Amino acid sequence: MLSVTLATGSAWGTLTPSELFQKAGRAYDAGQFAEAATNYLALVAQGQRTPEVYFNLGNAEFRAGRGGAAVLAYRRAWHLAPRDADIIANLQFAQEQTGATPPTPASWEHFFQSLNAAEWRLAALVDFWILAGAACLALLWSARRALFRVVVIFLLVVLLLALGGVGYWFDLQIRQPEAVVIQPASALSAPLVNTIKLFALPAGSIVHIESRDGAWWHIQQGARAGWLPQSNCVAVCSAPN
Amino acid sequence: MLKQFSKLWTGLLLVAALLLVRQTFAAAVSVDLDVQPRVLQLGEAAQATVTVHGERNPPPPPLGGLPDCDVSGPSVNSQVSIINGRMDQSVTFVYQLVPRRTGALKIGPINYKIGNQTLQLRALELTVGAPTATGTSGEKKDTALSDLFFARLDIMPTNLFQNQLFELQLSIFHREIRLDSSFSLLNWQPAGLSISAFRELPAQRVMLNGQVFEARQFRCQARALSAGPVHLAPTVRGALVVQRERQQRGGPFNDPFFDRFFQDSLFNRAETRPVDIPTQPLEFSVRALPENGRPKDFNGAVGQFALTAQVKPDSAAVGDPVTLAARISGHGNFDSIAFPMLGNSELLKTYDAKLTAKELDETQTRGSKTYEQVLIPRSLDAQQIPAVGFNYFDPEKEQYVVLSAGPFDVKLRPAAAGAAPLTAPTQAAATPTGRDIAYLKSAPTHWRIHDEAEWSAPRFWSLQAIPPLAVVVAFILARRRQLRSGDVRWARREQAPRSARRALRTAEQALAMSQWEEFYEALANALRSYFGNRLNLPPGDVTPDGLLHVLQTAQVAAALTERVRALLELCDHARFGQMGSAALDREAGRRTLQEIANLLRNFEKVRL
């Protein structure tokens, strides 16, 4: 097993990301979905965490019959490109096929999900510079001070919203509260193996991690809550594997 | 007129009195007997209260002849109340009962004759214990502290199953000592148990081993999450209330009255000392839910439940949604309850059920949950919605119970023209026809290793310091401008060299065109505007004499002062045609211009 990994690793090492991406695409077209997924995962391992790579990885996993892993890849792609129609459609489709219930975010979450983390950061940065310029003009251009004061207040509100977006994604990446169920599982009433099964969680279910207790996660899905073994799910924002 | 009014008034009073009498006599006569406390020591007195309702002057109840008790009293108390227009009159007789012996003393039933009626006072039982060592005689025996107070844990019921709700009661008993009202539980982390908050029950007296104890009782709802033995051994920490010892023998006035005053007053208050109350550990066993007879879709509900369900509306078109509402009510672990959902079928398309109502008590164990599931009939054959089932384990019957509701009849009519047909999913085609995942995306434009480091690089953050710095600089500039606009003296001082330079430029142009009058006029303006602004003088005060006076007062060097005066006079003479032709020489004019420029430059360095 070790030797296989090393051989594959050396093969990846000689390919540029573009070549590896094309190789994965060819494998996908040839119906070798597992190999395609392996190649896309190699790109992710190289640090090429782009929406395109995660999206194609999701497709390969879905075709390979791994619905949970597909939803995980699509969700990671959606984190990077939350307005991409293809990603949204495939994520929904994969969840429909696995029987998972899609999450229902609050309206404020919808707002912050309209841009990704980098876009919110850029928006905050640009607004910060423009705000400083407008503040300088408001101070120095006394004849137009009233106008610039309104502009400054508007830009300040925009900056606060942008910082809210930055904080929202930062929280997702740091606290990692989102997880995808990889294998179908049941939420249990307690972090013990022989306890009561509260509700079923199909593969691809996106759950909210409330707390972590060793090898168990206390998760919530909608109004329901229960315990899941950590081995059954993967945090969306965790280090990719 | 007055006579008629008087008659009317008298009539109204009579009617009111009749109504009052009718209300009084309409009420049935009833009696009630209560004795408190029911558990007491020999030598203590109990209070017997007999309340007579509906009779204004009842005779005293015949309690005087009670055997085994010394009876004193009664004291009588009458009360009249009107509630919702209904008058209630009650008379209360209070007796003091002092038992003569230990054991169980029966009081009543006693026949009580009120007027023509004979009523019966109910029978009660008093439990009388032996007096304590200090109870009556004042002699104090050596008593172990654990005999004076202890705590006990009990569960109800004792035969438990996994996930079954049960009551856990903590009882704290004490006698001859005072315990503070607050307690805390230490080492209270019962593994494998889900426990709600404790609530206190009314305090009472109990007889244990022939001794009378005050009992404080706390109860909570609990549930064992897994089967197996459970061992609970918490430490109950309370506070013993003791009288603070007197600091001084004898009162300050050496008088029994004042001694008692100081002993009972704020000067000698009680204090509390923490004490761990000995607690008997509680061990019990929790049985696993039986495998025998367990339904396949059992979801862990344990308790007693009922299921009702209905489908609304009862008539619809094919493709229109109908709602299946199911209500599960009862007592048990409601957090483990799941809705008995219907799955997709060839006849029905189903959606996830939603919890629409939750009516549970504060312990979340008694009440009801209502769920709704939206169903869409796919064809006219779906006239009957299948029954829904819910199962649970009944710990009292020790068996699984399967509840069901339905099937439900729905009158279906064909779908409206143009409505999209609903195809039934089949095993062969799990993916709906015409839908699939979107194809692969093309490669990104730029391959770049995802790195967050650029956002946290020192260079990035140092760049972000520029905007706030710019704002600070703008603020300083604006502040300076604001100061300048408010300080005339400072503003004119700043303006002085500029105004002089302007005038000198004008002079230079006049010199170039040999316009002597304008030239010397401009030179004079340069001097006047410079010194006028520099010294903040009104325009009319910039005369040679006035200027010399100011400069001398400012202790400017005499040579400079003299030179200013000479140049001003020169300009004035030239302006008014008192100069010879030598003064109108261009070279001489240039020297004068240069001299004035140098002079003003020198004055810029002089502090005025």
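The values are calculated or read from the model by the stated rules, or taken from the named source; none is laboratory data. Since the model is a prediction, treat every value here as computed from it, not as a measurement. Because the Cβ atoms are built from the backbone with ideal geometry, glycine has one as well, and the counts that use them run over all protein chains shown.
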Residues of the stretch B:212-239 classified as under 30 Å from the mean Cα position of the chain (by Cα) and among the aromatic types (Phe, Trp, Tyr), total: 1
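Table: residues versus (1) buried (at least 17 other Cβ atoms within 10 Å of the Cβ); (2) in contact with an Asp or Glu (Cβ under 7 Å, 6 or more places away or on another chain); (3) more than 13 Å from chain B (Cβ to nearest Cβ).
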{"site": "A:29", "(1), (2), (3)": "no, no, no"}
{"site": "A:41", "(1), (2), (3)": "yes, no, yes"}
{"site": "A:45", "(1), (2), (3)": "no, no, no"}
{"site": "A:51", "(1), (2), (3)": "yes, yes, no"}
{"site": "A:68", "(1), (2), (3)": "yes, no, yes"}
{"site": "A:75", "(1), (2), (3)": "yes, no, yes"}
{"site": "A:121", "(1), (2), (3)": "yes, no, no"}
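Which one is surrounded by the most Cβ atoms within 10 Å (Cβ to Cβ), of the residues in the stretch A:191-238 that are aliphatic (A, V, I, L, M) and outside any strand (DSSP E or B)?
Of the stretch A:191-238, the ones aliphatic (A, V, I, L, M) are A:192-193, A:196, A:198, A:200-201, A:203, A:206-207, A:209, A:215, A:219, A:223, A:225, A:228, A:234-236.
Of the ones still in play, those that are also outside any strand (DSSP E or B) are A:192-193, A:196, A:203, A:215, A:223, A:236.
Values: A:192: 14, A:193: 9, A:196: 23, A:203: 25, A:215: 9, A:223: 8, A:236: 21.
Ranking the qualifying residues of the stretch A:191-238, first place goes to A:203.
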Name, by its number, the condition in (1) without any contact (Cβ under 8 Å) to a residue 40 or more places away in the chain; (2) in a helix (DSSP H, G or I); (3) surrounded by 14 or more Cβ atoms within 10 Å (Cβ to Cβ) that does not hold for residue A:170. (1)
Going by the conditions given, is residue B:328 in contact with a Phe, Trp or Tyr (Cβ under 7 Å, 6 or more places away or on another chain), of a type in the set (A, V, I, L, M, F, W, C) and assigned by TED's automatic domain parsing to the domain that holds residue B:197? no
Could we say that residue A:93 is more than 10 Å from chain B (Cβ to nearest Cβ), part of a helix (DSSP H, G or I) and farther than 22 Å from residue B:443 by Cα here? no
Do we find that residue B:355 is touching a residue at least 40 places away in the same chain (Cβ under 8 Å) and surrounded by 14 or more Cβ atoms within 10 Å (Cβ to Cβ) in this structure? no
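For every residue, the table says whether it meets (1) without any contact (Cβ under 8 Å) to a residue 12 or more places away in the chain; (2) assigned by TED's automatic domain parsing to the domain that holds residue A:169; (3) in contact with a His (Cβ under 7 Å, 6 or more places away or on another chain); (4) among the basic types (Lys, Arg).
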site	(1), (2), (3), (4)
A:22	yes, no, no, no
A:26	yes, no, no, yes
A:35	yes, no, no, no
A:59	no, no, no, no
A:70	no, no, no, no
A:77	no, no, no, no
A:122	yes, yes, no, no
Filter the stretch A:182-198 down to the residues that are of a type in the set (A, V, I, L, M), in contact (Cβ under 8 Å) with a residue 12 or more places away in the chain and touching a helix residue (DSSP H, G or I) at 6+ places or on another chain (Cβ under 9 Å), then identify the one that is farthest from the other protein chains (Cβ to nearest Cβ). A:182
When the residues of the stretch B:543-558 are narrowed to those that are surrounded by 13 or more Cβ atoms within 10 Å (Cβ to Cβ) and part of a helix (DSSP H, G or I), which ends up modelled with the lowest pLDDT? B:544
Exactly one of B:350, B:363 is hydroxyl-bearing (Ser, Thr, Tyr) and within 14 Å of another protein chain (Cβ to nearest Cβ), and that one is B:350
Residue list for the stretch A:123-140, filter: more than 10 Å from chain B (Cβ to nearest Cβ) and either of a type in the set (Val, Ile, Thr) or assigned to a loop (DSSP other than H, G, I, E, B) (or both): A:126
With respect to the numbered conditions (1) surrounded by fewer than 12 Cβ atoms within 10 Å (Cβ to Cβ); (2) modelled with pLDDT of 80 or more, which one is the sole condition not fulfilled by residue B:217? (1)
Filtering the stretch A:101-117 down to residues that are among the aliphatic types (A, V, I, L, M) and either surrounded by fewer than 15 Cβ atoms within 10 Å (Cβ to Cβ) or not assigned by TED's automatic domain parsing to the domain that holds residue A:169 (or both) yields A:106
Can you tell me which of (1) surrounded by 14 or more Cβ atoms within 10 Å (Cβ to Cβ); (2) of a type in the set (S, T, N, Q); (3) in contact (Cβ under 8 Å) with a residue 40 or more places away in the chain is the one residue B:529 doesn't meet? (3)
Inside the stretch B:417-472, can you point out the residues that are in a helix (DSSP H, G or I), modelled with pLDDT under 85 and at the interface with chain A (Cβ under 7 Å from one of its Cβ atoms)? B:455
Hey, does the stretch B:487-505 have a residue that's part of a helix (DSSP H, G or I), farther than 18 Å from residue B:600 by Cβ and in contact with a helix residue (DSSP H, G or I) (Cβ under 8 Å, 6 or more places away or on another chain)? yes
Answer with yes or no whether residue A:241 is within 25 Å of residue B:455 (Cβ to Cβ), at pLDDT below 90, surrounded by fewer than 18 Cβ atoms within 10 Å (Cβ to Cβ) and not assigned by TED's automatic domain parsing to the domain that holds residue A:42. yes
Of A:209, A:219, A:196, which residue is over 18 Å from the mean Cα position of the chain (by Cα) and hydrophobic (A, V, I, L, M, F, W, C)? A:196
